[in-house]
Structures are given as structure tokens and as C-alpha cells.
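Notes follow the structure.
The values are calculated or read from the model by the stated rules, or taken from the named source; none is laboratory data. Worth saying up front: this structure is predicted, and the values here are computed from it rather than measured. Counting neighbours? That spans all protein chains shown, and the Cβs are built from the backbone with ideal geometry, glycine included. Keep in mind that these areas ignore ligands, DNA and RNA; they rest on the heavy atoms of the full protein, side chains included. Shrake-Rupley method; radii C 1.70, N 1.55, O 1.52, S 1.80 Å.
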Amino acid sequence: MTESKRPSKKAGLDSTTGWNHSQKLELIIWLLTARCNLSCLHCYSARFSDKKEIEPGEAANIIKSAAEAGVKHIGFTGGEVLLRPDIMDLISLASRLGISTNIVTNGFLINDYVAEKLAEYNVFTVLSVDGATKEVHEKIRGKGTWNSLLPAIERLRHFGVSFATVMAINSLNYDQIPEYIQLARKWQAAAACIIPVMPAGKANKDLVLAPDQVLWALQVADKAAESLEFPVSLWCMPFAPLVTRSKYVVSDHCRTELSEMDIAPGGEVLLCDVLDITVSNVREKGILGAWQEQRGHPVTKAIFNPELPPPCSECPQKAQCKGGCFARAALISGNLCAPDPLCPRVAKIL
Amino acid sequence: MKRIRIRIGTTEIKAELNETRTANAIWRMLPIKARINLWGEEIYFAIPLSLAQEAGQAVVHKGDLGYWPPGNAICIFCGPTPISTGNEIRPASAVTVFGRIIEDAMRLKEEATEGMEIVIREEDDG
């Protein structure tokens, strides 16, 4: 997962190569554990389940070195991050070192103590909710998961924790998007986040949406956000501005400039947390060493300085989108440098 | 036929280059020393040579040597990559095949770990 509140970014492009030589590491997405108390159909981190996790003391040292490197924000994700016994220690340490944090959680383990700590450290909390109804949510996330959400939301609200919901849209739930956005508003979430399921980990290709389904999803999300005047955050769909118009809709784009590091449970630095291309290792190199290695890696160069093929080369969104999601291109099209296969322009339906 | 030796650690194997412009450009910059990356059963590393795609192939054979223009990298294909389907060997994106290993490519892969040094030189160069 990516997170919803990314730090602002500054461009520093070399005028001759277009390659940014002054990238600063601002954001870490840390897939802290692959362990989980659920077994969702679309889990992308299941592929790390046999890997040894970074130990608590080492994790704390990584946060210290992240602070020295100038990191502004760490998004902890999993697996279920609240299964890490040291999660609050890591959040507390980050907070003391001036690093803001967010977590992505299924909410099962949010008791009063956890909610109070999340409030104390101002942790933006992203709750995984995969349907607008109990039936659909539990079809994806398992029996009993819906009823655990409501007490978690009550506690977050009670302790004043800012939270959003995230829906991994797939063939089982995407038709509930309008109702989902209404529900997030009713729950007083800060936003409803939407991310397409990728064919990684446990996710079967049948769950992955087709381009026409994604186009429909964007259109109805845009309409619902506008009519409800409610923020909707579109993750991993950098082509979305080709479709969306509402001022309540925001979408991220990870290829505009390099300022993010994705760390796997074992310390491997991945090109993207859904794609198994290792570009360094924070346990072996530390944060600054790994960042230097990531920046100089041949695959990083290919992703951030691409030669865009048509239709991307003619697209009004190309400066931000830069070909879209390279992980999806690799996983679906078998070509890391191909245009994003879910983009409606690429699919010639827009 | 231009022949080269590729060494990782204590393992050295022979390869031959084809007649592409890419092969000639790489031949002219020998010897090459670099630190390797691994991706499935592919070994790859960046070199200071920027070439356009000459004859892009989306799928290659075991033992092929490829040049990957998006990353200015040489790729040694010892077996399937994480995006391969079945037994095919699929690079991250198209590569120009500029040669092939003429011994068992897996010997190199078995020796290789991330960050090891690779040396490529002309066959009769020492």
C-alpha cells in the first residue's frame, strides 16, 4: 500500500538529461511485517511470509538513520502492522525525531490503548475496508471482519485519531464505490481512498479490474466526491486526472520525481512494494547508503527517466504520470516499460 | 566471432558476441568491471554506455546476453525472471541480444550474489 498524505516534493531536474540529481529521500513506505490476523483474497504481502523480519532494535536504528537522512514521513504497512510488538515504540521514536507517521491496519487490534497512542503521536490511520456492505467486505476479508470495524472506528473517533478508509477495488467490490464513499463520509473519515488490486501475492488475476471497469470506477468516484463534497484519494492511478474533475478528488503519481523508498519486511529496498525488484538493502547499507544505491540503480533510471511510447508521449498528463504504474505494466503486460495497462487512453476507451 | 570471458567470484565462463552494432560497442569498451544485481535467474548491471534499442526482443533464451537501453544495463539470462510465464525467459522490457554464453550459464548464477563484482574481458586478454 502507499499512503495518503505525501510530503510536498521539489523538482530539481538536470537541464541536459532530465534526470533529477538532487533527489532527497522524504518518504519511506515500510512494509514492516507480512504477518497478519486475516487472510484476504487480494493480499499482496503474502509473498513475504517466509522472510525473516527486521528485529525491533534494528528497526529502531533504521528510524534513527532515516531521521539523519532527512526523512519527513514513514508509512507503516503490512501485513498487519499492529501485530508488531514494537510498533508503538517505532512510532514514538519517529515522532520524537520529527518524522510524521501513518499506519495501514485492518482495525482488529485497535483497542483503547492503541487508539490513545495513535492520538498521542498524531498517527494518521488508514483502515482497510473493502466493501460498502458486510457481505462484500467479508467475501474479500473473511467472516467476522465487518463487525470488528465498527468498534475500531468508534475508538478512533473517541480518541480524536484522524483516519481514512481504503478500498482495494477489484471485480468483487468496484460496483459499490458510490455507496462506499457515502459510508466513509457517514463514518466521519477524513477521506475515502481507492487503490486497484494488483496481481501480486495472493491476488488472483480474476480480481484485477479491466480498463473499462477502472474508467467507470473513476467516473462514479468523481461524481460521488463532488455531490457529497467529500475527499476521495486515488492511489496508484496516476492517469486519473484524465477522467476526474472534482476538486474533492486527488490522485498520486510516484514517477514524477524520486523521493520515496519502499522497504520490505527483511530490509530489502524494492523498486515498488508490489514488485519484487530489489534495488538495495537497508540492513546492509543503512538508509543513506541504500538511498544512494537506489538512486543509481539501472532500473530506477529506467523508471524515472523513461522514453515514453505512444499514447503516453502525446498525453496531456505525461509530465506527472510518466507512463503510469510500472509495476502493473510488468505484472500484467510483462513489460516494465510498457504504458499502464489500466489507463483508459492506453486501452483506447477515452 | 568475438569471444569473451565472464567472471564472477571464482567462476569464469566463455561467451561469444554476435554481429550487432550493440555487440561491437560493448566489445570496444572491454574490459568491463561492475557490481551485479539479481532478478530471478537474471544477472544484470549498469555500464557507462548509452545505446538505442537495435533489435528488441521481449523474450530471450537461456544463456543470452542482452543490452537493456532503459537502464544502460547488460543482462545475463540464466533462467526465468519474476515476470516470466512458464519456462519462458522474459526481461523487464525488450533487450537487444548481443551474444550468448557457450557454456552452462547456471554456473554463473550459482556463484552470484547481489553486489559481487563481475569482470568481462576479451577471451585471449590474459
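Dipole size in debye (nearest 20) for segment A:237-339 around its Cα centre, Lys and Arg Cβ +1, Asp and Glu Cβ -1? Let's see the in-between values first.
Numbers: 10 positive and 11 negative charges, 67 e Å.
I would put it at about 320 debye.
Count Lys and Arg as plus one, Asp and Glu as minus one, and take only other residues whose Cβ is under 15 Å from that of A:D175; the net charge is then -2.
Residues of B:67-74, mean number of Cβ from any other protein chain within 10 Å of their own Cβ, rounded to a whole number? Please report the intermediate quantities before stating the final value.
Values: counts 0, 5, 3, 10, 10, 3, 5, 1.
Neighbouring Cβ atoms belonging to other protein chains average 5 per residue here.
With R₀ fixed at 35 Å, the C-beta to C-beta distance from B:R121 to A:R47 puts the FRET efficiency at about 0.35.
Once both labels are positioned 7 Å from their Cα atoms along Cα-to-Cβ, the gap between B:E54 and A:K134 label points is 6.6 nm. Between A:P178, A:P196, A:P316, the Gaussian network model of chain A with springs among Cα atoms under 10 angstrom shows the greatest mean-square fluctuation at A:P316. Residue by residue along A:329-335, Cβ atoms of other protein chains within 10 Å of the local Cβ number 5 on average.
Magnitude of the charge dipole for chain B, about its Cα centre and with charges confined to Cβ atoms of Lys, Arg (+1) and Asp, Glu (-1), is about 240 debye. Taking the centroid of alpha carbons for each part, segment A:54-69 and segment B:82-115 are 35 Å apart. What would the Debye equation give as log₁₀ I(q)/I(0) for segment A:138-232 at q = 0.14, 0.16, 0.20 Å⁻¹, counting only Cα atoms as equal point scatterers? At q = 0.14, 0.16, 0.20 Å⁻¹ the computed log10 ratios are -0.57, -0.73, -1.05.
Arrange the residues A:M198, B:M1, B:M29 by how much accessible surface each exposes, largest first, with a 1.4 angstrom probe. Intermediate results must be reported in sequence, preceding the final value.
Details: A:M198 20, B:M1 150, B:M29 50 Å².
Most to least solvent-accessible, the answer reads B:M1, B:M29, A:M198.
Taking all protein chains together and a probe of 1.4 Å, list A:E314, B:E54 from the most accessible to the least accessible.
On the way: A:E314 135, B:E54 55 Å².
Sorted descending by solvent-accessible area, the residues read A:E314, B:E54.
Annotation: amide H-H contacts under 5 Å for A:A191 (H modelled 1.01 Å from N, sequence separation of 5 or more, or interchain): A:T165.
Mean residue ellipticity at 222 nm from the helices of chain B, using -39,500 (n - 2.57) per DSSP H segment of n ≥ 4 over the full residue count, to the nearest 500 deg cm²/dmol? Intermediate values should be presented prior to the final figure.
Values: 2 runs with 14 residues, N = 126.
Using -39500 (n - 2.57) per qualifying helix, the result is -3000 deg cm²/dmol.
Would you mind calculating the gained length between B:M106 and B:R35 on full extension (0.36 nm times residue separation, minus the Cα-Cα distance), in nm to one decimal? Write down the numbers at each step before the final one.
Numbers: separation 71, 0.36 × 71 = 25.56 nm, distance 1.82 nm.
The B:M106-B:R35 span can extend by a further 23.7 nm.
Note on A:S313/A:S171: beta-carbon distance plugged into 1/(1 + (r/R0)^6) with R0 of 25 Å gives a FRET efficiency of 0.20. Less than 5 angstrom separates the built amide H of A:C236 from those of A:D252, all sequence-distant by 5 or more or on a different chain.
Estimated at the nearest 10 Å², the accessible area of A:Y174 is 40 Å² with a 1.4 Å probe. Would you give the gap between the C-alpha center of segment A:224-267 and the C-alpha center of segment A:89-112, rounded to a whole Å? Cα centroid of segment A:224-267 versus Cα centroid of segment A:89-112: 22 Å apart.
Out of all DSSP beta bridges in chain A, what portion is antiparallel? Express it as a percent rounded to 5. All intermediate terms of the calculation are to be shown ahead of the outcome.
Working: 7 of 39 bridges.
Here the antiparallel bridges make up roughly 20 percent for chain A.
What ranking do A:108-114, A:318-324, B:66-72 get when scored by the average of other Cβ atoms within 10 Å per residue, highest first? Please list the in-between numbers first.
Working: A:108-114: 16.6, A:318-324: 20.3, B:66-72: 22.6.
Listed from highest to lowest mean packing, they are B:66-72, A:318-324, A:108-114.
Rg/Rh, computed from the Cα trace of segment B:2-122 with Rh as the Kirkwood radius, has the value 0.91.
State whether the protein assembly as shown is rounded, prolate or oblate according to the following rule on the C-alpha gyration tensor (a ≥ b ≥ c being the square roots of its eigenvalues): a/c under 1.5 gives rounded; otherwise a/b larger than b/c gives prolate, and the remaining case gives oblate. Prolate is the answer for the protein assembly as shown, as a/c is 1.5 or above and a/b outweighs b/c. By accessible area, using a 1.4 Å probe on protein heavy atoms only, segment B:2-122 has 47% of its surface on carbon and sulfur.
These residues, A:C337, B:C78, A:C272, go from largest to smallest accessible area, 1.4 Å probe, as A:C337, A:C272, B:C78. Among the residues of B:90-98, the average count of other protein chain beta-carbon atoms within 10 Å of the residue beta-carbon is 4.
Set the Förster radius R0 to 35 Å, insert the Cβ-Cβ distance between A:Q320 and A:K202 as r into 1/(1 + (r/R0)^6), and round the FRET efficiency to 0.05. It would help to have the intermediate numbers written out before the result.
Working: r = 31 Å, r/R0 = 0.88.
Efficiency for this residue pair is about 0.70.
Rounded to the nearest 20 debye, the dipole size of the protein assembly as shown about its Cα centre is 720 debye, using +1 on the Cβ of Lys and Arg and -1 on the Cβ of Asp and Glu.
By DSSP, the beta bridges lying fully in segment A:227-350 are antiparallel in about 65 percent of cases. Considering the zone a paramagnetic label at A:N37 would reach in this model (a point 7 Å from Cα along the Cα-to-Cβ line), which residues of segment A:70-105 have amide N under 19 Å from it? Within reach of a label on A:N37: A:76-91, A:103-105.
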